[in-house]
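Written out below as structure tokens is the structure these notes cover.
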Amino acid sequence: MPSHAQLGEILDTVSTALLTVECQQGVVGLDSALPELALAARSSGALANVARLVAAAHESGVQVIHALAERRPDGRGANHNARLFRAAERLPVQQLSGTAAVRVAPPIEVAEEDFVVRRLHGLSPIQGTEVDTLLRNLGCRTLIVTGVSANVAIPNAVFDAVNRGYTVVVPKDAIAGVPSEYTPAMIRNTLALVATVATTDEVLGCFKRPRRADRR
């Protein structure tokens with residue numbers, strides 16, 4: 001764990017952004033296509049911690065990006081080259097564009113200044129999306145990664161961000177996966193090797209600073 005001073009240096013609010021990954025109603029909501037994952041996100045407190053981080057980011061001026069996964073009703077452009085994609089096509093709740101399933105899930109609040117980035121293909125919220133370009137145009141150098149799942153999308157996001165030169169912070173109590181014991185193992189054995197691991201409270205402590213100037 002980094003010291004408060006070390007984490008504070010990394011989380012300069014002028015050059016930091018917060019990414020929420022697949023925190024959408026059809027994934028972590030009450031009518032989730034993946035009820036086991038939704039339960040893990042809620043019962044662990046991860047979803048509530050994401051909401052706390054988003055609220056604090058809004059207050060301190062840290063840019064928030066919500067990365068959502070969806071598909072067209074006709075499935076055009078979606079991947080079919082992995083077991084995960086084929087299984088998702090058979091789920092009772094589909095992440096269809098324009099439906100409630102692909103809206104950001106409560107208790108997370110979306111502010112006017114937030115970006116909502118939607119992808120129709122792949123496993124990563126960064127590769128092949130607008131996220132990297134948006135971050136660079138905003139002058140961001142540090143990315144806080146939160147959301148689901150620790151099994152697939154979160155490690156994809158962390159690796160992609162690191163490969164693009166960003167410093168990544170992972171609040172370990174603001175991500176979730178299944179089974180529940182897998183998440184700490186993923187953090188300890190993989191994510192901690194490439195990202196700075198902290199807690200939600202530690203990150204929130206670094207957000208309590210004067211609001212930055214507009215970066216537009």
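The antiparallel fraction among DSSP beta bridges confined to the chain stands at about 5%.
Maximal additional length on extending the N137-V194 stretch stands at 18.1 nm, based on 0.36 nm per residue less the C-alpha distance.
Protection proxy ranking for 58-70, 120-132, 181-193, 20-32, using the average of other Cβ atoms within 10 Å per residue and placing the highest first: 20-32, 58-70, 120-132, 181-193. The label point for L84 and the one for H4, both projected 7 Å from the Cα toward the Cβ, are 3.8 nm apart. Remark: the V110-L30 segment gains 27.0 nm on full extension, using 0.36 nm per residue and subtracting the alpha carbon distance.
Label separation (R118 vs N163): 2.6 nm, computed from points 7 Å beyond Cα along the C-beta direction.
When the square roots of the Cα gyration tensor eigenvalues are ordered a ≥ b ≥ c, the ratio a/c for the range 52-175 is 1.5 or more and a/b exceeds b/c, which makes its shape prolate.
For the range 33-146, with all protein chains in place and a probe radius of 1.4 Å, 53% of the accessible heavy-atom surface sits on carbon or sulfur.
Could you size up the charge dipole of the chain around its Cα centre, putting +1 on the beta carbon of Lys and Arg and -1 on that of Asp and Glu, and report it in debye to the nearest 20? Working shown, then result.
Details: 22 positive and 21 negative charges, 74 e Å.
Dipole size: approximately 360 debye.
Rolling a 1.4 Å probe over the protein heavy atoms gives the range 85-216 an accessible area of 49 Å² per residue.
Measuring r between the beta carbons of R72 and D201 and using R0 = 45 Å, the FRET efficiency lands at 0.65.
The values are calculated or read from the model by the stated rules, or taken from the named source; none is laboratory data. In this text the structure is predicted, and so the values were computed from the model without any measurement. Neighbour counts run over all protein chains shown; Cβ positions are idealised from the backbone, glycine included. All accessible areas refer to the heavy atoms of the entire protein, side chains included, with ligands and DNA or RNA removed. Shrake-Rupley method; radii C 1.70, N 1.55, O 1.52, S 1.80 Å.
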